[in-house]
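Read through the structure below, which is laid out as structure tokens, and then see the notes.
Computed from the coordinates by the stated procedures, all read-outs in this text should not be read as laboratory data. Note that this is a predicted model, so its numbers are computed, not measured. Here Cβ is always computed from backbone atoms with ideal geometry, including for glycine, and neighbour counts include all displayed protein chains.
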Amino acid sequence: MDTIAPPVAPPATRLAKVATEVFSPAVVVLILPLAVAWVATGHDPAATVLWGLVVAVFSSVLPMAFIIRGARAGRWDGHHVRDREHRFLPLLVGLASTAVGITIQVLADAPRDVLALSLSMFATLVVCIAITTAWKISLHAAVAGGAVAMTTLLYGQWALLLLAPLALVCWSRVVLTDHTAAQVVVGVLVGPLVGGAVFLLIR
């Protein structure tokens, strides 16, 4: 008996799936601390790796490990936690983990820009949690938007080239029907207006 091959996703959907993974919050928060630490440490490779890892571990690796473990246990629908009702616990764990990282940075006298980055991410998470009580904001858009704002503040106008991947990941969230256009737009605004503003104020 012939088997029926599963339907092949159209190219736009395949591209959207790749973009939503490559530019996910967890990935962005792995790379962004290194970019910030590079400037904050005066281009010291060892210090860049050290402080970049401190931020990445507490703001990306540990929260993502918790999310993946919860997804495997069936607590939520996957590592992107699409259901709004299930997002509170992962977001709170991310907030708590980021707070631990901030405490370590304060005690270890981290470079000011590195600390500013963590505090900006903490503030963005607080706002996203508040919004999540009634609505579903795009965390992909918020994190990517904040990253563009902060790298532009540090590296200048050339960092605006990052608007291209920002647009791509926002488009992907809508194409995959994980978010509406409005939810993506609000995320894009929250990232720079909250995270970018806190980063600029502290640094």
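Restricting the first member to the range 178-191 and to residues that are among the small types (Gly, Ala, Ser), and the second to residues that are surrounded by 23 or more Cβ atoms within 10 Å (Cβ to Cβ), the beta-carbon pairs closer than 6 Å and six or more apart or on different chains are Gly187/Ile137; Gly187/Ser138; Gly187/Ala141; Gly187/Ala142; Gly191/Ala142; Gly191/Gly145; Gly191/Gly146. A residue that is outside any helix (DSSP H, G or I) and either polar (S, T, N, Q) or under 15 Å from the mean Cα position of the chain (by Cα) (or both) occurs somewhere in the range 32-45.
In this structure, does Val175 turn out to be in contact (Cβ under 8 Å) with a residue 12 or more places away in the chain and buried (at least 20 other Cβ atoms within 10 Å of the Cβ)? Taking the combined requirement at face value, the residue does not satisfy it.
Scanning the range 18-35 for residues that are aliphatic (A, V, I, L, M), buried (at least 19 other Cβ atoms within 10 Å of the Cβ) and farther than 17 Å from Gly195 by Cβ turns up just one, Ala19. Scanning the range 140-148 for residues that are small (Gly, Ala, Ser) and over 15 Å from the mean Cα position of the chain (by Cα) turns up nothing.
In the set Arg72, Arg87, only one residue is exposed (fewer than 14 other Cβ atoms within 10 Å of the Cβ) and basic (Lys, Arg); that residue is Arg72. If I filter the range 36-52 down to residues being among the aliphatic types (A, V, I, L, M) and closer than 21 Å to Gly196 by Cα, which single residue comes out as surrounded by the most Cβ atoms within 10 Å (Cβ to Cβ)? Among those residues, the one meeting the criterion is Val36.
When each of Leu89, Leu125 is tested for being hydrophobic (A, V, I, L, M, F, W, C) and within 22 Å of Ala197 (Cα to Cα), the lone residue that passes is Leu125.
Being outside any loop (DSSP other than H, G, I, E, B), hydroxyl-bearing (Ser, Thr, Tyr) and loosely packed, with under 14 Cβ neighbours inside 10 Å is true for just one of Thr103, Thr98. Which residue is that?
Going through Thr103, Thr98 in turn, just one is outside any loop (DSSP other than H, G, I, E, B), hydroxyl-bearing (Ser, Thr, Tyr) and loosely packed, with under 14 Cβ neighbours inside 10 Å: Thr103.
For the range 99-139, give me each residue that is under 20 Å from Ala182 (Cα atoms) and either in contact with a Pro (Cβ under 6 Å, 6 or more places away or on another chain) or aromatic (Phe, Trp, Tyr) (or both).
Of everything in the range 99-139, those that are under 20 Å from Ala182 (Cα atoms) and either in contact with a Pro (Cβ under 6 Å, 6 or more places away or on another chain) or aromatic (Phe, Trp, Tyr) (or both) turn out to be Trp135, Leu139.
Each residue in the range 80-94 was checked for being without any contact (Cβ under 8 Å) to a residue 24 or more places away in the chain and assigned to a loop (DSSP other than H, G, I, E, B), and 2 pass.
Run down Val27, Val55, Val49 and say which single residue is touching a Gly at 6+ places or on another chain (Cβ under 9 Å) and either more than 17 Å from Thr151 (Cα to Cα) or assigned to a helix (DSSP H, G or I) (or both).
None of the others qualify; the one that does is Val55.
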